[in-house]
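Peer 1: Starting off with a structure, shown below.
The values are calculated or read from the model by the stated rules, or taken from the named source; none is laboratory data. From a predicted model like this one, the values you see are computed outputs, not experimental measurements. So basically every Cβ, Gly included, is an ideal-geometry build from the backbone, and we count neighbours across all protein chains shown.
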Amino acid sequence: MSGGELVGDPSLQITGAASLAEATPGEISFFGNRKYIGLLRKTRASVVFVPADFAEAITPAQIRVSNPTKAFEQVVLKFAPKPITFAAGIHPSAVVDPSTQLAERVSIQPYAVIEAGVRIGDDTIIGAGSYIGQETVIGSACLIYPRVTIRERSRIGSRVIIHSGAVIGADGFGFEMVDGKHEKIQQLGIVQIDDDVEIGANTTVDRARFGRTWIQQGVKIDNLVQIAHNVVIGKNSVIVAQTGISGSTRVGERVMMAGQVGIVGHVEIADGSVIAAQSGVSKSVPGGVWFGYPARPIEETKQQIAWIRRLGKLFARVKEIEKKLGL
């Protein structure tokens, strides 16, 4: 099934799958990251997927594959319960405007609200209690989990997954000081989410002031992420939990942002950039790996941190020299 090379007893019987730390005899696990070598050496698993070039002697049998993580996933799916399915049709408790256009095999779950002018593609599921605003378009084979809010005129592609609590198309945070008080700037744009995007629980994607906030094809966004108005996220980028991206920022393709990254507005993040966890980006990033607050190239930041940690010893040496000199 995995197409790998077995090193060990081919008669082993596998009854389950688990992580290296939790596996017991009779279970299969995987090793794909060198930082877990200690767990690999101590695991009780009977068989472990390892990289094709793995050469270390270990107690469990090995299956050498090009991608241990994906091979393990295939095995887990064999042991997993059958996927949850939803029958096509509209639940009697759902509220669906008569002007809504539903394609084939659409499932509208209990207490969902579908407003006027909505169009929903084949095989899409709208979860219980979700709200789909006026004139929104949702493509085929989408999974909108329970209690998702998608506001008016949003554009959602095909095979999009949106997890519970997410809000798509809330007003961007725009105000103007007039006569000593904040007056709201109308947010007249939309949110566009392209094909194969996944958006985590309680994440928010604000509508544009004008034009669009645009999440491009293949982007994966974790839980608790804030995407402000008119932001563009390039194809196949990954945004991890608790990251906040301010308005009109343009994020390139294949960018990776770790947890709790903060980005100011109106900057550009070049294709392939990596922003390490808890970094604060205050200017455009031309590429590479960035870390710190304010974010700098990671090697530069590491050097600065090392210098700071040595300051105590440096002060002690200076005091000793001053003492010897009678200062």
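Peer 1: Is there a residue being under 17 Å from the mean Cα position of the chain (by Cα) and part of a strand (DSSP E or B) anywhere in the range 168-182?
Peer 2: Yes, the range 168-182 has at least one match.
Peer 1: Search the range 37-52 for residues that are among the hydroxyl-bearing types (Ser, Thr, Tyr) and pair each with any residue that is buried (at least 21 other Cβ atoms within 10 Å of the Cβ) and in a loop (DSSP other than H, G, I, E, B) when their beta-carbon atoms are under 6 Å apart and the residues are at least 6 apart or on different chains.
Peer 2: Once the first residue is among the hydroxyl-bearing types (Ser, Thr, Tyr) and sits in the range 37-52, its partners that are buried (at least 21 other Cβ atoms within 10 Å of the Cβ) and in a loop (DSSP other than H, G, I, E, B) give Thr43/Ala23; Ser46/Pro60.
Peer 1: Among the residues of the range 26-39, count how many are in a loop (DSSP other than H, G, I, E, B) and farther than 16 Å from Pro51 by Cα.
Peer 2: Number satisfying all stated conditions: 1.
Peer 1: Looking at Ala45, Ala23, Ala87, Ala55, which is the one that is under 30 Å from Ile144 (Cβ atoms) and assigned to a loop (DSSP other than H, G, I, E, B)?
Peer 2: From the options Ala45, Ala23, Ala87, Ala55, the qualifying one is Ala87.
Peer 1: Considering only the range 110-160, state which residues are farther than 18 Å from Ile190 by Cβ, surrounded by fewer than 23 Cβ atoms within 10 Å (Cβ to Cβ) and not hydrophobic (A, V, I, L, M, F, W, C).
Peer 2: Pro110, Tyr111, Asp122, Asp123, Gly127, Gly129, Ser140, Tyr145, Pro146, Arg147, Arg159
Peer 1: Within the range 5-15, is even one residue at pLDDT below 95, assigned to a strand (DSSP E or B) and exposed (fewer than 12 other Cβ atoms within 10 Å of the Cβ)?
Peer 2: Yes, there is a match, as at least one residue in the range 5-15 is at pLDDT below 95, assigned to a strand (DSSP E or B) and exposed (fewer than 12 other Cβ atoms within 10 Å of the Cβ).
Peer 1: Also: With the condition kept exactly as written, say whether any residue in the range 203-218 is of a type in the set (Asp, Glu), buried (at least 16 other Cβ atoms within 10 Å of the Cβ) and part of a strand (DSSP E or B).
Peer 2: Yes, the range 203-218 contains at least one residue that is of a type in the set (Asp, Glu), buried (at least 16 other Cβ atoms within 10 Å of the Cβ) and part of a strand (DSSP E or B).
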